[in-house]
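Coordinate-derived values only; no laboratory data. Since the model is a prediction, treat every value here as computed from it, not as a measurement. Here the Cβ positions follow ideal geometry from the backbone for every residue, glycine too, while neighbour counts run over all protein chains shown.
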Amino acid sequence: MKPLSIFSTILLSCFLVSCNQQEAQEKEEGEEKLTQYSIEKFYDNINYSGGYFSHDESKLLVSSNATGIYNLYALHTDGSGMDTLSSNKEESWYANSYFPNDDRILFSADKGGNEISHIYLLDTNNNVTDLTPTEEEKASFMGWDKDLKSFKYTSNKRDPKFFDIYEMDIENFESKLIFENNAGAFPSEISDDKKYVAIEKPITTSINELIIIEVESGNQTKISPENPTATYSAQEFSSDSKYLFYTTNDGSEFTYLSRYDIENNTSEKIHETDWDIWYANYSWNDTYRVMGINEDAKTSVKITNTKENEEMQLPEIKGGNINGVNISKSENKMRLSVGSSKSPTNIYVYDFENNDLKKLTESLNPNMDKEDLVEGEVVRYPSFDDLEIPSILYKPHQASVDNKVPVLVWVHGGPGGQTRLNYSPLMQYLVNHGYAIIGVNNRGSSGYGKTFNRLDDQKHGEDDLMDCVYAKDYLATLDWADTSRVGIIGGSYGGYMVMAALAFQPDAFDVGVNIFGVTNWIRTLRSIPSWWEAQKTALYEELGNPNTEDSVRLHKISPLFHADKITKPVMVLQGSNDPRVLQVESDEMVQNVRDNEVPVEYVLFEDEGHGFRKKENEIEGYGKIKEFLDEYLK
């Protein structure tokens, strides 16, 4: 789709980029040559997600944006190729699962990024059926019943504020309510015998209750203490329904794996590291336990053979990191998702019996050289109060003492997110064209302990913003960074930080790029989508309640009301269907800055929500980010 408002065409030197950005150019770097690629070429890379085994384990179901939006594909596990299963042109389709005994498929989709996702059936004749057709129903697949005759899913069709658990029979596709949720909580796990449900009730964004409910009687058992001070996350019930496995950071800086004995009402610690264990699950027959550990902005996967109580040695894959795995029902095969900060995710399959590893996808555009991309480096620097701020640094190949380059301070979403060592085509595109990037994990970010995570509570736009400003002091120590040209860029909460920086620290940065960022906290917190009801109180605890005297502070930290202080050029990207940051947020912010006669570019997409999913929109919008930076920063 074309944006409603676009920046005027910028005349660039053809040495830097061709007028239509179709051709790559070469620049000399000493005796080496660096190829610079157009935005189109970066988005000719392919994203793959999912990877669910078919009943005979001959195929893996994945989602891919090869066509420009996400469609469904089957990867042959013998490495012989890929089948196209859908070619939808309007909405992205995301894989949920193959059926247990045939090649029918479950997938999810919303409309235009509105986040009201339904569960659909795609049969072997390519017929599509909406299995959760209530108009405002938001439904999510939970998994297959052990008898393989039904699946469980969450839905808010009974009450838009709360998610219940339903079971759908796959013979006649009739569903029945098996758990009615009126607790203001998230039902996160259900036992195989459907006797128990684990619910999580947020108190703040970093503190919650974990409760087991006996479905038939309604009896509740709290795993968390009466007045919790930690986070608790249900992972799964044991197959015999005797235990609940969960993660918590109770008594620790980092989350560890525990097991709760339902009959004896006791907990024991299963595994602990010096980093957060952020997921844990067991294979179909409980032979393997899989854990993902957030190890300094990179995922470390550990697999334990529970029968032998030994850690499995994962295959080494050069140039890539294993970010996730899925073990087949037979436990003979394993899907691996492998990527890095300079390599998009690829899908591999591993055979346990013969130790055979096959690469099934090639996500990098064959017309690009991986060596032209840049690996992120973990760095740390002191903030204004000497707090150490972990960050990810990308140094362009062309940067040197004799060729200093401009820098972008990149701020992640959240609050509470994390900039990680994952592949970002936008980051790589900008770095490829000579912009250094430092991805700041400011206080309040996840992954560095609960104390660090809570340091921004009710201090947003203040201390966390100064962490971003103090990145400039670190950049000044790099002899290849030009600190006279520093911009700030971010999406969602990161977009808020961009506007906060321009309004509250107007001399710190030379430009700002705000991607669907909050600018009016009072309105945003009052317009939270209905399906976030269980989380609303927690958000109010962390950010402030807009319906109380907290509104005074929320007004103070909302850039919209301080736009008169913004003097530096700014770019704003927004999706019309965004349910989290409403379009009116960006409309008003843009107008207020324009009233200051400050240069503003506003790029608005009619068919996107909170984050862009369509390649044509990413190419259009993200390509204009570079044009904007070339005029006002480079």
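Pairing the Cα long axis of helix 583-594 with the longest principal axis of the chain, what angle in degrees results, from 0 to 90 and rounded to the nearest 10?
10
With r as the distance between the Cβ atoms of Asp159 and Phe561 and R0 = 35 Å, compute the FRET efficiency 1/(1 + (r/R0)^6) and round to 0.05.
Calculated value: 0.50.
Multiplying the sequence separation of Asp510 and Glu272 by 0.36 nm and subtracting their Cα-Cα distance, what value in nm do you get?
81.3 nm
Please get the size of the charge dipole for the chain, origin at its Cα centre, with Cβ charges of +1 on Lys and Arg and -1 on Asp and Glu, quoted in debye to the nearest 20.
540
Checking a compactness column here: for the stretch 118-275, what do you get for Rg(Cα) / (2.2 N^0.38 Å), N being the number of residues?
That works out to 1.13 for the stretch 118-275.
How much FRET efficiency would the formula 1/(1 + (r/R0)^6) give for Asp356 and Lys149, where r is the Cβ-Cβ distance and R0 is 41 Å, rounded to 0.05?
0.80
Select from the stretch 462-559 those GluC sites (Glu not before Pro) which occupy a DSSP coil region and have at most 11 other Cβ atoms within 10 Å, ordered by residue number.
Taking the stretch 462-559 and a limit of 11 other Cβ atoms within 10 Å, the loop GluC sites (Glu not before Pro) found are Glu549.
Quick check: residue separation of Val128 and Lys329 times 0.36 nm, minus the Cα distance between them. What number comes out in nm?
Going from the current span to full extension adds 69.7 nm.
How far, in nm, would the chain grow between Asn227 and Asp296 when pulled straight, counting 0.36 nm per residue and subtracting the alpha carbon separation?
My answer for the length gained is 21.8 nm.
Set the bar at 27 Å for Cα to Cα. Now go through Lys152/Lys242; Lys302/Lys329; Lys395/Lys459 and name every pair that lies beyond it.
With Cα atoms farther than 27 Å apart: Lys395/Lys459.
Relative to the longest principal axis of the chain, what angle (0 to 90°, nearest 10) does the C-alpha long axis of helix 493-504 take?
Roughly 30 degrees between the two axes.
So what's the angle, to the nearest 10 degrees on a 0 to 90 scale, between helix 533-543 and the longest Cα principal axis of the chain?
Once rounded, one gets 40 degrees.
What distance in nm separates the two pseudo spin-label positions at Glu616 and Asn172, each 7 Å out from Cα along the beta-carbon direction?
Taking the two extended label points, one gets 4.4 nm.
May I ask for the net charge around Val486, where only other residues with Cβ less than 14 Å from the Cβ of Val486 are counted and Lys, Arg are +1 while Asp, Glu are -1?
Result for the local shell: +1.
Under a crude label model (7 Å from the Cα following the beta-carbon direction), how far is Glu135 from Gln458 in nanometres?
With each label placed 7 Å out from Cα toward Cβ, I get 4.2 nm.
Which aspartates and glutamates does Lys157 reach when only Cα atoms under 13 Å apart count, and residues fewer than 8 places away in its own chain are ignored?
Glu135, Glu136, Glu137, Glu180
Label-point separation (nm) for Ser49 and Leu387, each offset 7 Å from Cα along Cα-to-Cβ?
Placing both labels 7 Å along Cα→Cβ, they lie 3.0 nm apart.
For the chain, what is the mean residue ellipticity at 222 nm derived from helices alone (per DSSP H run of n ≥ 4: -39500 (n - 2.57); sum divided by total residues; nearest 500 deg cm²/dmol)?
Taken over the chain, the calculation gives -4000 deg cm²/dmol.
Quick one: give the max-minus-min coordinate of the C-alpha atoms of the stretch 225-360 along each principal axis, largest first, in Å.
Taking max minus min along each principal axis of the Cα atoms, the stretch 225-360 gives 49, 33, 20 Å.
Restricting attention to the stretch 61-143, which trypsin sites (Lys or Arg not before Pro) occupy a DSSP loop and are surrounded by at most 10 other Cβ atoms within 10 Å?
Within the stretch 61-143, the qualifying trypsin sites (Lys or Arg not before Pro) (loop, at most 10 other Cβ atoms within 10 Å) are Lys89.
Which of [x] 0.92; [y] 1.56; [z] 0.96 is the computed Cα Rg over 2.2 N^0.38 Å for the structure on display?
Structure-derived value, by its label: [z].
Would you please give the FRET efficiency between Glu597 and Asn403, computed as 1/(1 + (r/R0)^6) with r the Cβ-Cβ distance and R0 = 25 Å, to the nearest 0.05?
0.15
Longer than 25 Å from Cα to Cα, which of Lys146/Lys201; Lys111/Lys161; Lys41/Lys359 are they? Say none if no pair is.
Long pairs (Cα-Cα over 25 Å): Lys146/Lys201.
Where in the stretch 233-329 are there chymotrypsin sites (Phe, Trp or Tyr not before Pro) that are in a DSSP coil and have at most 16 other Cβ atoms within 10 angstrom of their Cβ?
Here the sparse-neighbourhood loop sites are Trp284.
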